[in-house]
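The values are calculated or read from the model by the stated rules, or taken from the named source; none is laboratory data. Quantities reported herein were computed from a predicted structural model and do not represent experimental measurements. FYI the Cβ positions are ideal-geometry reconstructions off the backbone, even for glycines, and counts take in every protein chain you see. For accessibility, only protein heavy atoms count, side chains too; no ligands or nucleic acids. Shrake-Rupley method; radii C 1.70, N 1.55, O 1.52, S 1.80 Å.
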Amino acid sequence: MKKRVFSLLLALVLALSAAAIPASAVGSFSDVSDKATAQNVEILKLLGVIEGSGAGQFRPYAQLTRAEFSKMVVMLIGKGNEAMRYRTVTIFPDVRASHWAAGYINLAVRQTEPKLLAGTPDGTFQPERAITYGEAVTILMRVLGYADKDTGGVWPDSYIDLAKSAGVSNGVELAGNAAITRAQAAQLFVNVLYADTKDGKNYIDRGDKYTLVSVDGGTGELRLIDEKGAIVTKTLENPSSASVLIGLKGYLVERTNGKVRTFLPENGETVGTISNAAVIVSADRSTVGFSDLAGGRTDYRIYKDGREISASALKKYDVATYNASTNVINICDTRVSVYYEGCDPKPAEPTVITVLGGTRLNVLPSAQSSVAKFKPGQQMTILLTADGQVAGADDSGARGNAIGIVTDGKVQMLCGMTLIELGCKSETVTNGVVRISASGKDKIYLSEASGGSVSGDLIVSERTIGSKKLADNAMIFENGKLVALSSFTNDRVAREQISYARTNASGEIDLVVINRSTGERYGRVFWDVTSYTDPDTHETTYTELLGVDEGGTKTKTFAMKYNVKTGDYVAFKINQGGTGFSQMIKLTELSKVSFSSWIGDNAVTFGSRTYEIPSDVLCFNKDNGEWITLAQAKTYADAADLYVKDGVVRVIEVRS
């Protein structure tokens, strides 16, 4: 009789819960429409690990900051109530007591057993920078009790490998320095709940198994059925409706006081992974093969570069993969022309190919037949998935379009929103963006890419470049490093410093590459004269020597000829041997610019342009010939002559 009551009650529960959830949204948040993500979010919401926005949205595809991740970790280990005690501690100069996450960040840094996280090499924490996949899995593996000494490898690869073996990265596998989304973070945190600690114990103690019957979102009362069919009542620590968990079997995560922290479905029921097959779009707007890829489902959504798109935006040769955990078809359009260097285990059945200077790429099972048409030593165009795997090979109509980000000469190829590090290096571009192709083993072409599809100044507060908006998940590289927009101290970045900007299928900017570091130096020209008297003829030869005063520090002087005179302000470079100037360009003068036209201390409008003013801008008082501070310059005169290059003020000169 108990089994029959259990079955009837459970059937009624499932029917009611299904009827209560609208098709457009699943769970507590209006912008979460796939069941697996909704379950992840609800598990963590009950646990107090995540919150939504005031508008009732979770923003699943927005990037997660280091500050947000710090709070999630503190809540995961159950120390949220202790965070307030750490608010008045100042560990990092960019995390003051007034910062909303100060308590969580400071607690996480002070946590020693296990050691969770630390600041950056420059002594800051960078709380608003997007957290990377490598940083995230490192912290979560430390939650499970692992330390650097357990990895035995190079960071972050060693921690990423450890996360794979522990199941922590199930469903979310990215390049180490790729930014993660809020949905991906939720998946990682839920994976931890199912994982084992370093000493082999379940991270979450699992006792009796229950079926969740109902949840009162107001009182937090849970009604469950145990395995004997008896109804059990419990109380949630953080009341929530938890509608998407109703009807599932699982385990309670309880406090010692009996309060329930969360409900964990059995067998990792929420965890899904990206499929190991891909479909190559055969024609514009075609979805042929998508349903088979999704296991027969037709209610999938299509995403490209982190944004939902319609089938009308699909192009021939796009690559589609399926993520069962989110019921999403992911699209990537990265193609690269390569010289086929080698493969494993054999050309007829390649599982890994080597291209682009020793870069090893996995070949999907569904792609082996197309790759097998080629042999090492031949040219081909490979089509890549959003996580950097080979989805197919072609030598007819697919043209390469791959671009890469160069950081200190190292090249990372963009596949959707993922970065794949290449074995080759850039000899000509130190930091920037390059187009990638190869026509031979030692003939890899990394030509500098510039411009892109957008032009204009970047306005940080408005998140715009020209008339285009930045996407929520826009990747921003500054001098080759991935940064968060919130880390910029100036509200404007001049268009001359934006070497590349690209729009996604929705017309929003998803990639911005900024190059502030050009190796140039700035200063005021001076000439010197040296003489030499021949001891035999007693004739004296005079030589003019050119030097630059960089704000009180003078360069060496060189016997060189440039069309400059004493007092000119220039941008210059000294050659690698230190034997002379390799470049000297006069700065453009903006005459008699009133200080009243300045926008704070960081920008000035002159004519139809706004120019950026660095905090370390050089200032010269022409009356007394001394270098002064910016504050002294603004006090000394009502106007100044500004000397600019590439939209940035490099020198300011004042006089009475």
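The single condition among (1) farther than 15 Å from T334 by Cα; (2) part of a loop (DSSP other than H, G, I, E, B) that I302 does not meet is (2).
Search region 415-429 for residues being modelled with pLDDT of 80 or more and either over 24 Å from the mean Cα position of the chain (by Cα) or of a type in the set (V, I, T) (or both), and hand back the single one that is farthest from V512 (Cα to Cα). The residue in question is E427. Just to be sure, is T181 within 21 Å of A484 (Cβ to Cβ) and in contact with a strand residue (DSSP E or B) (Cβ under 9 Å, 6 or more places away or on another chain)? The answer is yes for T181. For region 104-113, the criterion of a residue being of a type in the set (G, A, S), open to solvent by less than 40 Å² (accessible area, probe 1.4 Å) and modelled with pLDDT under 90 is satisfied by at least one position. Selection over region 614-654 of residues that are hydroxyl-bearing (S, T, Y) and closer than 16 Å to E550 by Cα gives a count of 3.
Taking the condition out of contact with any Leu (no Cβ under 7 Å at 6 or more places or on another chain), open to solvent by 30 Å² or more (accessible area, probe 1.4 Å), in a strand (DSSP E or B) and among the basic types (K, R), does K565 pass? So K565 does not fit the description; no. Mind checking which residues of region 86-103 are of a type in the set (D, E, K, R) and surrounded by fewer than 18 Cβ atoms within 10 Å (Cβ to Cβ)? The answer is D94, R96. Scanning region 327-345 for residues that are assigned to a loop (DSSP other than H, G, I, E, B) and in contact with a strand residue (DSSP E or B) (Cβ under 8 Å, 6 or more places away or on another chain) turns up N327, D333, T334, Y340, E341. Looking at region 218-231, which of the residues that are of a type in the set (A, V, I, L, M, F, W, C) and surrounded by 15 or more Cβ atoms within 10 Å (Cβ to Cβ) is farthest from N257 (Cα to Cα)? Only one residue fits best here, namely I225. Considering only residues in region 635-656 that are open to solvent by 70 Å² or more (accessible area, probe 1.4 Å) and in contact with an Asp or Glu (Cβ under 9 Å, 6 or more places away or on another chain), the one that is nearest to I599 (Cα to Cα) turns out to be Y636. Against the list (1) open to solvent by 70 Å² or more (accessible area, probe 1.4 Å); (2) more than 30 Å from R435 (Cα to Cα), the condition R521 fails is (2). Filtered by the rule that a residue be within 45 Å of the chain's Cα centre (by Cα) and open to solvent by 80 Å² or more (accessible area, probe 1.4 Å), region 535-562 gives T553, K554, K556.
Does region 440-459 include one or more residues that are under 18 Å from D646 (Cα atoms), open to solvent by 20 Å² or more (accessible area, probe 1.4 Å) and hydroxyl-bearing (S, T, Y)? Within region 440-459, one or more residues are under 18 Å from D646 (Cα atoms), open to solvent by 20 Å² or more (accessible area, probe 1.4 Å) and hydroxyl-bearing (S, T, Y). Go over the candidates S286, S282, S291 one by one and state the one that is hydroxyl-bearing (S, T, Y), open to solvent by less than 30 Å² (accessible area, probe 1.4 Å) and not in a strand (DSSP E or B). That would be S286, the only listed residue that is hydroxyl-bearing (S, T, Y), open to solvent by less than 30 Å² (accessible area, probe 1.4 Å) and not in a strand (DSSP E or B).
Tally up the residues in region 471-496 that are closer than 23 Å to R609 by Cα and open to solvent by less than 10 Å² (accessible area, probe 1.4 Å), please. Residues in region 471-496 being closer than 23 Å to R609 by Cα and open to solvent by less than 10 Å² (accessible area, probe 1.4 Å): 2 in total. Entry remark, region 385-403: residues being acidic (D, E) and under 27 Å from the mean Cα position of the chain (by Cα) number 1 in total. All of (1) part of a helix (DSSP H, G or I); (2) crowded, with 20+ Cβ neighbours inside 10 Å hold for D161 with one exception: (2).
Inside region 600-612, can you point out the residues that are in contact (Cβ under 8 Å) with a residue 40 or more places away in the chain and either within 16 Å of T635 (Cα to Cα) or within 30 Å of the chain's Cα centre (by Cα) (or both)? The answer is N602, A603, T610, Y611, E612. Of these, G119, G153, which one is open to solvent by 40 Å² or more (accessible area, probe 1.4 Å) and farther than 20 Å from A195 by Cα? Being open to solvent by 40 Å² or more (accessible area, probe 1.4 Å) and farther than 20 Å from A195 by Cα holds for just one of G119, G153, which is G153. Assessment of region 478-501 against the conditions (closer than 28 Å to E128 by Cα, in a loop (DSSP other than H, G, I, E, B) and basic (K, R)) yields no matching residue.
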